[in-house]
């Protein structure tokens, strides 16, 4: 279908189904993922223009009715049900039908606001709303969890996903990558062994976090991205919004802007149910575990060539961010942070780290100054990647020696590092290695803390690990 045909069919739908809409003025595609497209639509209503939004299946296709996802019709239904109970959500005006010949999708209200997590955490104009945002989020989540999925007809769109299934699916996805990351296996075992089978079963948004809701300077204006919703444990949503990866550098645990107490108070006032901190913490651990596996999956896309961008490659190093967050939550304690070392005798002029510094400075100071958009973004990513390489030149040898020595002590073995790491991973998977082994926990802490020191020494999880261990942290 060419653009003129698309616009003609869209205009027919708008004028027929949107009250007082006389004509289509313009339509602009804003984004497109693997399965969905978003459009900004301007229409003429009476004597003034009005802005709407269209969400539809990529390429004008149709949802697979057998797929394990909500689907666009389900998303529309979710937003309509949410609005009815006071959850900020766009008003849905029309759900596309087969005879419209535009694919699955819906036309909804256009809502202005800020959805970028880093801006919500840092921008001065949002300082006032940040003081009450965690409380308001608690209230919004309680309303979402209180929606009657049977009475609203949502049950036919939503799958029931037990928490154990979530954990096992994520662990299985990591195992298929065939890369031994012991802290991931430890976290998976911990989650399965600490899973409570006694929980409520409600509608779960499943991706409620900073960056997936929109705010103004006064309030939450819209909850976004309902496509992963399901029926399950409601505490998953509370843990997800508190996961460190979604704090965008902010220190407060709720989205980088708020405190647990305010989140829980808002939730309890609306739901009438007491929040159990340990259940929320459990889902925080899951959030970091899930993100660590997802980052590794992106590296696999880079290696296979399906997405060979530097962005995909570098995001793999964020695995250590998520894993240090897991360690801080479930095995906090003493750590031995390694110091950088110089080569024994480096006769190269200039040295390797000096060459890297020169390239990094060129990228940041000259290339970034002359570029914009995606090229500017990828230049920053490239400079950050070279920073990692530079740190590894002075730390990697010590780090690998520390890991190898630790594993040799655990197994009383002289095997090489690769064999020992696989031995640990397999022992965690077949449960021949116990989680309460203090030597094992110390080894995992030290390994992941020194890995994050190479990958991203400014990450908040490293600071937290050092504080847990009683180290003085310089800011």
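For region 261-273, a tally of residues being without any contact (Cβ under 8 Å) to a residue 40 or more places away in the chain and in a helix (DSSP H, G or I) returns 1.
How about region 242-253: which of its residues are touching a helix residue (DSSP H, G or I) at 6+ places or on another chain (Cβ under 6 Å) and in contact (Cβ under 8 Å) with a residue 12 or more places away in the chain? Quick ask: steps written out before the conclusion?
Taking region 242-253 and keeping what is touching a helix residue (DSSP H, G or I) at 6+ places or on another chain (Cβ under 6 Å), we get 242-245, 248, 250, 253.
Once the filter is applied, which keeps residues that are touching a helix residue (DSSP H, G or I) at 6+ places or on another chain (Cβ under 6 Å) and in contact (Cβ under 8 Å) with a residue 12 or more places away in the chain, region 242-253 yields 242, 243, 244, 245, 248, 250.
Annotation for region 163-178: at least one member residue is more than 22 Å from the chain's Cα centre (by Cα) and either within 21 Å of residue 323 (Cβ to Cβ) or part of a helix (DSSP H, G or I) (or both). Number of residues in region 1-10 that are in contact with a helix residue (DSSP H, G or I) (Cβ under 8 Å, 6 or more places away or on another chain) and in a helix (DSSP H, G or I) equals 2.
Scanning region 22-59 for residues that are over 34 Å from the mean Cα position of the chain (by Cα) and modelled with pLDDT of 90 or more turns up 23, 24, 25, 43, 44. Of the helices (runs of 4 or more DSSP H) entirely within region 274-335, those holding at least 3 residues that are outside the structural domain of residue 195 (by TED's automatic domain parsing), in contact with a helix residue (DSSP H, G or I) (Cβ under 9 Å, 6 or more places away or on another chain) and under 14 Å from residue 444 (Cα atoms) occupy 319-330. Looking at this structure, is residue 393 within 30 Å of residue 357 (Cα to Cα), surrounded by 13 or more Cβ atoms within 10 Å (Cβ to Cβ) and under 28 Å from the mean Cα position of the chain (by Cα)? Answer is no for this residue. Starting from residues that are surrounded by 14 or more Cβ atoms within 10 Å (Cβ to Cβ) and without any contact (Cβ under 8 Å) to a residue 24 or more places away in the chain, keep the ones in region 427-456 and report whichever is nearest to residue 335 (Cα to Cα). The qualifying residue nearest to residue 335 (Cα to Cα) is 433.
Within region 46-53, one or more residues are surrounded by 12 or more Cβ atoms within 10 Å (Cβ to Cβ) and within 30 Å of residue 204 (Cβ to Cβ).
Conditions (1) assigned by TED's automatic domain parsing to the domain that holds residue 85; (2) over 24 Å from residue 197 (Cα atoms); (3) at pLDDT 95 or above; (4) touching a helix residue (DSSP H, G or I) at 6+ places or on another chain (Cβ under 7 Å), marked per residue:
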{"site": "134", "(1), (2), (3), (4)": "no, yes, yes, yes"}
{"site": "142", "(1), (2), (3), (4)": "no, no, yes, yes"}
{"site": "146", "(1), (2), (3), (4)": "no, no, yes, yes"}
{"site": "155", "(1), (2), (3), (4)": "no, no, no, no"}
{"site": "159", "(1), (2), (3), (4)": "no, no, no, no"}
{"site": "167", "(1), (2), (3), (4)": "no, no, yes, yes"}
{"site": "172", "(1), (2), (3), (4)": "no, no, yes, no"}
{"site": "175", "(1), (2), (3), (4)": "no, yes, yes, no"}
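Select from region 66-77 the residues that are modelled with pLDDT under 90 and in contact with a helix residue (DSSP H, G or I) (Cβ under 8 Å, 6 or more places away or on another chain) and list them in ascending order. The one that is modelled with pLDDT under 90 and in contact with a helix residue (DSSP H, G or I) (Cβ under 8 Å, 6 or more places away or on another chain): 70. What about residue 468, is it under 27 Å from the mean Cα position of the chain (by Cα), at pLDDT below 95 and crowded, with 16+ Cβ neighbours inside 10 Å? Here the answer is yes, as residue 468 does meet what is asked.
The values are calculated or read from the model by the stated rules, or taken from the named source; none is laboratory data. Just so you know, these numbers come straight off a predicted model, no measurement behind them. Positions of Cβ are backbone-derived with ideal geometry, glycine not excepted, and every protein chain shown enters the neighbour counts.
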